[in-house]
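Q: I'd like to ask some things about the structure below.
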Amino acid sequence: MTNTQVTLVQIDNYGPWTVTPEPRREVDLQTLQSRLYADLSQLVGDRGGYVFFTRFDNMIAVTNGLDMDDHAVIQESVGNRYPVSISLSVATGQSPAAALSDATERLQAAGSAQDKSRREILEGRAIESDYRTDEDVQIAHFDVIDATGEYTDQLNAFDSFIEIEQGYAALMKYMRQENDALSFFVGGDNIIATCPDLSADEYEAAIDHVTAVADVDLRVGVGIGRNAHNAGMDAKHALEHARADDTKVEFLR
Ligand SMILES: Nc1nc2c(ncn2[C@@H]2O[C@H](COP(=O)(O)OP(=O)(O)OP(=O)(O)O)[C@@H](O)[C@H]2O)c(=O)[nH]1
């Protein structure tokens, strides 16, 4: 049974910082945000987790395998390197969406995202190592079928982007509402979701829904593992099998 550990990452007091003492150059904010994401991706990824950029000022990570000390080191490292600090809130559960809600509530209880005195909060609990299993994380890696032939080589780059984003919007909402799963656009035509225990039929229903509402055809590979990296690698291999066999849903365990 899944037991997903989710960490909410929030830049402290970022809104006011972007306009103090006057609005900061947009290119500088874009550079800071993308570098922070890159650093977090590496800091969390080196420990087997995944970080998703989401809104950049708020990021969501799957952190199975990272304990609270690991979180503290990451938080300190960011605080030492950046003109902004981050708060981290950790929660776990069978449902990734419920875990994220718990993590969010804890951080909201500690103060507003725009509270000057709320800095470097480190809240919540990680899964004790004795309780970790090889089935804690289920990762689904979705991909648009023949995105290159359908969009990239046919439409201009912006119209391709609209099509892919419409597929993403339909999938993220459906997976959130029907399955308590959190889905993230990761570039190109790829979407990675952290999911509770879902069946092949449930994935197929999600794919059919996206075809019906957004006219975008997806396939998905699903992996199950001890952390996001393990589950995610299996998901990528499962996706390769789906491509080779021309199926829509493949699991690898
Ligand atoms: N983040 C991420 N992006 C990927 C991955 N694989 C492919 N991409 C992106 O997706 C784009 C399209 O590649 P594919 O999905 O292989 O191409 P396709 O035309 O959809 O072909 P099929 O997937 O075989 O139907 C690439 O340009 C990359 O940007 C991956 O594993 N992770």
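Q: Does the stretch 54-65 contain at least one residue that is basic (Lys, Arg), open to solvent by 40 Å² or more (accessible area, probe 1.4 Å) and more than 21 Å from ASP102 (Cβ to Cβ)?
A: No, there is no match, as no residue in the stretch 54-65 is basic (Lys, Arg), open to solvent by 40 Å² or more (accessible area, probe 1.4 Å) and more than 21 Å from ASP102 (Cβ to Cβ).
Q: Right, here's the next one. As an exercise: evaluate GLN108 against (1) more than 16 Å from the ligand (Cβ to nearest atom); (2) modelled with pLDDT of 95 or more and give the number of the one condition it does not meet.
A: It is condition (2) that GLN108 fails.
Q: Quick one: count up the residues across the stretch 128-137 that are open to solvent by less than 70 Å² (accessible area, probe 1.4 Å) and not aliphatic (A, V, I, L, M).
A: Residues in the stretch 128-137 being open to solvent by less than 70 Å² (accessible area, probe 1.4 Å) and not aliphatic (A, V, I, L, M): 3 in total.
Q: Hey, could you check the stretch 193-204 for residues that are surrounded by 20 or more Cβ atoms within 10 Å (Cβ to Cβ) and either of a type outside the set (Phe, Trp, Tyr) or within 14 Å of the chain's Cα centre (by Cα) (or both) and say which is farthest from THR2 (Cα to Cα)?
A: Per the stated criteria, the residue is ALA193.
Q: Further, regarding this structure: Can you tell me which condition ALA103 does not meet? The list is (1) part of a helix (DSSP H, G or I); (2) without any contact (Cβ under 8 Å) to a residue 24 or more places away in the chain; (3) open to solvent by less than 80 Å² (accessible area, probe 1.4 Å), and all the others hold.
A: Only one criterion in (1) part of a helix (DSSP H, G or I); (2) without any contact (Cβ under 8 Å) to a residue 24 or more places away in the chain; (3) open to solvent by less than 80 Å² (accessible area, probe 1.4 Å) is unmet by ALA103, namely (2).
Q: Let me ask you something else. Going by the conditions given, is ALA140 within 16 Å of the ligand (Cβ to nearest atom) and either loosely packed, with under 14 Cβ neighbours inside 10 Å or over 30 Å from ASP67 (Cα atoms) (or both)?
A: no
One line per residue, one yes/no per condition, for (1) among the hydrophobic types (A, V, I, L, M, F, W, C); (2) away from the ligand (no atom under 15 Å from the Cβ); (3) in a loop (DSSP other than H, G, I, E, B); (4) open to solvent by 30 Å² or more (accessible area, probe 1.4 Å):
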residue	(1), (2), (3), (4)
GLN154	no, no, yes, yes
GLY167	no, no, no, no
LYS173	no, yes, no, yes
VAL186	yes, no, no, yes
ILE191	yes, no, no, no
ALA206	yes, yes, no, no
GLY223	no, no, no, no
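Q: Out of all the residues in the stretch 35-48, is one or more under 19 Å from ALA231 (Cβ atoms), open to solvent by 50 Å² or more (accessible area, probe 1.4 Å) and not in a helix (DSSP H, G or I)?
A: Within the stretch 35-48, one or more residues are under 19 Å from ALA231 (Cβ atoms), open to solvent by 50 Å² or more (accessible area, probe 1.4 Å) and not in a helix (DSSP H, G or I).
Q: Next up: Out of all the residues in the stretch 209-221, which are open to solvent by 40 Å² or more (accessible area, probe 1.4 Å), touching a strand residue (DSSP E or B) at 6+ places or on another chain (Cβ under 9 Å) and either touching a residue at least 12 places away in the same chain (Cβ under 8 Å) or of a type in the set (Phe, Trp, Tyr) (or both)?
A: Within the stretch 209-221, ASP217 is the sole residue that qualifies.
Q: Within the stretch 225-252, how many residues are touching a strand residue (DSSP E or B) at 6+ places or on another chain (Cβ under 9 Å) and within 11 Å of the ligand (Cβ to nearest atom)?
A: Total meeting the criteria: 10.
Q: Moving on. Just give me the residues in the stretch 237-253 being assigned to a helix (DSSP H, G or I) and surrounded by fewer than 18 Cβ atoms within 10 Å (Cβ to Cβ), in sequence order.
A: Hits for the stretch 237-253 are HIS237, GLU240, HIS241, ARG243, ALA244, ASP245.
Q: Only one of (1) away from the ligand (no atom under 11 Å from the Cβ); (2) part of a helix (DSSP H, G or I); (3) in contact with a strand residue (DSSP E or B) (Cβ under 7 Å, 6 or more places away or on another chain) is not met by ASP159, so which one is it?
A: (3)
The values are calculated or read from the model by the stated rules, or taken from the named source; none is laboratory data. As the structure is a prediction and not an experimental result, all values here were calculated from the model. With ideal geometry, Cβ positions are generated from the backbone for all residues, glycine too; neighbour counts draw on all protein chains shown. Ligands, DNA and RNA are stripped out before the accessible areas are found, and what is left, the full protein with its side chains, is counted by its heavy atoms. Shrake-Rupley method; radii C 1.70, N 1.55, O 1.52, S 1.80 Å.
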